[in-house]
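The values are calculated or read from the model by the stated rules, or taken from the named source; none is laboratory data. What you see is a predicted model; the values in this text were computed from it and never measured. Note that we place each Cβ from the backbone using ideal geometry, even for glycine, and neighbour counts take in every protein chain shown.
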Amino acid sequence: MSAALKSEPLELRPRSAPAATAQPRERRLTVVPTTPASPLAFPPADRAHRPLWLKLLSAGQRVSVVVAGMTIAAALSAYAVTVDTNRRLAVATTSLGQLQDQQQQLVTANAVFKNHLAQTALAAMDNGTLHPKDVIFLEITEPSPAAVASPPATPAKAAIAPDRRFFPKGY
């Protein structure tokens, strides 16, 4: 409960003196209880009794709050999409770099292997250990549809004598 101070004149008069002859000498403060003040400066008007300009301002404020909220939501969404796209791009760039490194290593290993095979073949030709009858030349052919459908026949082991097996020295 709130209170207010009120100033009242204090009259000092003798008990026997009449009231008309008394002179005010001091003021005395007394506490007067008050009701709590309303937080609004003006009493709220009924919505139906508001003027048109006030209704338009209230509607404009509501619309602007909604538009501002939507703008903030759209900006945050765009930021999230941008950050996610940037993260994915960084991951893809890293994996692409690793794949390019692996490709370069495979190309280099393939070239080294081919060079090694060529040097081995030349060394065998120079030594005279490699004879053309020991080389098998393979041709790539497309498999026939009947060969694809049926399993390949295994050659009989008795057809080639174990002591007469043919092992080529190069391809």
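For every residue, the table says whether it meets (1) at pLDDT 95 or above; (2) exposed (fewer than 10 other Cβ atoms within 10 Å of the Cβ).
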position	(1), (2)
Q23	no, yes
V31	no, yes
R50	no, no
W53	no, yes
T82	yes, no
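Is it true that some residue in the stretch 96-119 is modelled with pLDDT of 95 or more and among the aromatic types (F, W, Y)?
Within the stretch 96-119, not a single residue is modelled with pLDDT of 95 or more and among the aromatic types (F, W, Y).
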